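FYI, it's all coordinate maths here, none of it is from the lab. Worth saying up front: this structure is predicted, and the values here are computed from it rather than measured. Positions of Cβ are backbone-derived with ideal geometry, glycine not excepted, and every protein chain shown enters the neighbour counts.
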Amino acid sequence: MNERHEPGKIIVDSDWKEQVAQEKELHKSRGNSPPPAADTVANATDSVGEGPIPEASLLILVINIATQAMMSLGQIPDHLQGHVQVDLEVAKFHIDMLEILQEKTRGNLDAEELRYMESTLVQLRLAFVAASHGK
């Protein structure tokens, strides 16, 4: 990335978007559907810095926390530093935060929120195990 960082300017690194698109294509070629959490995070962040800020919702909160976890697991480059960084302790913190959110909202989620929360946590846990075993 050859852009000069200006104070107060947010720079969005889109390299990970290409990686997500490639992973989607790989899943399609194998006859699998792409993971819903990765798909939703990619779609939600496509418009970062463009257009209006999305309406606050539980799904946006989950996406925000999941994105932080994915960055800490090295699945998304840090948009400020421009490179992938693995920090399992920070990733575990974000996954734990989602687990607390899931527990505290139990019985109060609609079907979509429940499905999204569960699938996001499953995917993040699997990614954590893979990252902690160096895969």
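Arrange the peptides 107-116, 51-60 so that the one whose residues have, on average, the most other Cβ atoms within 10 Å appears first.
Top of the packing list down: 107-116, 51-60.
Could you give me the ³J(HN,Hα) list for the stretch 109-126, computed from phi with Karplus coefficients 6.51, -1.76, 1.60 and θ = phi - 60°, whole Hz, x at Gly and Pro?
For the stretch 109-126, the Karplus-derived couplings read 9, 7, 4, 5, 4, 5, 4, 5, 4, 5, 5, 5, 5, 4, 5, 5, 5, 4 Hz, x marking Gly and Pro.
Shape verdict for the stretch 58-116, please, from the Cα gyration tensor: rounded (a/c under 1.5), prolate (a/b greater than b/c) or oblate.
prolate
Provide PHE93, PHE128 in ascending order of the number of other Cβ atoms located within 10 Å of each residue's Cβ, fewest first.
Lowest to highest Cβ neighbour count: PHE93, PHE128.
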